[in-house]
1. Is there a quick way to get the dipole size of segment 13-108? I mean about its Cα centre, with the Cβ of Lys and Arg at +1 and of Asp and Glu at -1; what is the value in debye to the nearest 20?
2. Would you be so kind as to identify which of HIS82, VAL100, THR23 lies farthest towards the positive end of the dipole of segment 1-142, taking Lys and Arg as +1 and Asp and Glu as -1 on Cβ and the Cα centre as origin?
3. What's the angle, to the nearest 10 degrees (0 to 90), between helix 63-145's Cα axis and the longest principal axis of the chain?
4. Checking the table LYS18/LYS115; LYS46/LYS93; LYS30/LYS109 against a 19 Å threshold on Cα-Cα, which pairs fail?
5. Note down the Stokes-Einstein diffusion coefficient of segment 1-112 in µm²/s, whole number, using a Kirkwood radius over alpha carbon pairs, 25 °C, and 0.890 mPa s.
6. Kindly express, to the nearest 10 degrees and within the range 0 to 90, the angle between helix 8-59's C-alpha long axis and the longest C-alpha principal axis of the chain.
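Where a number appears in this text, it was derived from the coordinates with a stated rule and is not lab data. Please read all numbers here as calculations on a predicted model, not as lab measurements. Reconstructed Cβ throughout: ideal geometry from the backbone, glycine too, with neighbour counts over all protein chains shown.
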Amino acid sequence: MVYRYKFEKIMSLREKEKTESQTKYTEAVKEFETEAEGLYCMLKKKEELLDKQAEQLKKGLSVQQVRHNLSFLENHERQIRHYQKRVVETRNKMNFFHQVLVEKNIEVKKYEKLKERDRQVFMEQQNQMENRQMDEISIQQYMGRT
């Protein structure tokens, strides 16, 4: 008799959901990394701008250039805040998909454990049935000799 798991379809469905969750999580991680890299570049550019502005101030600047630099810096700050907001959003999205993935992993493991237990019960039943058959054969052979 061949072993057949009664929840095989459910298990395969859960594995498919797990795979989809893994894919979504991977995409969310990539999206987060992209946004975080963008924020890093913006912060680095701000630092460079501030250094450049400090050097220009040492050399002397016109009021017009100072206003221009401040305007440019304010615009840059707005972009940084925008990137920070997007980084937080993508981090939350990534954490959500990570939690979903963990839950799907737990579900799949539960079904795997159930399958293993069911298989052990099946194997024990098979062994008991084989032992009974061997006992019957032995009894028949013994009865045939006497």
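1. Numbers: 19 positive and 17 negative charges, 76 e Å.
Charge dipole, segment 13-108, about its Cα centre: 360 debye, nearest 20.
2. My answer, from the dipole projection, is HIS82.
3. Between the helix axis and the principal axis of the chain, the angle is about 10 degrees.
4. Values: LYS18/LYS115 17 Å; LYS46/LYS93 27 Å; LYS30/LYS109 27 Å.
Correct reply: LYS46/LYS93; LYS30/LYS109.
5. Numbers: Rh = 17.9 Å.
Estimated via Stokes-Einstein, D reaches 137 µm²/s.
6. With both axes taken from Cα atoms, the answer is about 20 degrees.
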